[in-house]
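Data block below; observations after.
No value in this document is a laboratory result; all are computed from the given coordinates. Computed from a predicted model, the values in this text were never measured in an experiment. Note that we place each Cβ from the backbone using ideal geometry, even for glycine, and neighbour counts take in every protein chain shown.
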């Protein structure tokens, strides 16, 4: 079952553009925008279930400079 999610990413001080660019190349990611506010990057992804979501979040959290993520699953 395909799910849609938003992943909010906080990064260390510096340039979040590098991290957003890396995230945008991940399978299932449709957009990765740098933004102002509490989070530095907002990611929108369409993934093939919760296992894919778990792997995607793990991959994002392993990127150098990522401090914290928060995930919101879209409710149809």
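With only Cα atoms counted, the chain has Rg and Dmax values of 11.5, 37 Å. Relative contact order of the chain: 46 percent, from C-alpha pairs under 8 Å at least 6 residues apart in sequence. For the chain, the longest principal axis of the Cα atoms and the long axis of helix 50-61 meet at an angle of about 10 degrees. Helix content alone sets the calculated 222 nm mean residue ellipticity of the chain: runs of n ≥ 4 DSSP H residues at -39500 (n - 2.57) each, divided across all residues, give -8000 deg cm²/dmol. The distance between label points at residue 36 and residue 12 comes to 2.6 nm (points 7 Å beyond Cα on the Cα→Cβ vector).
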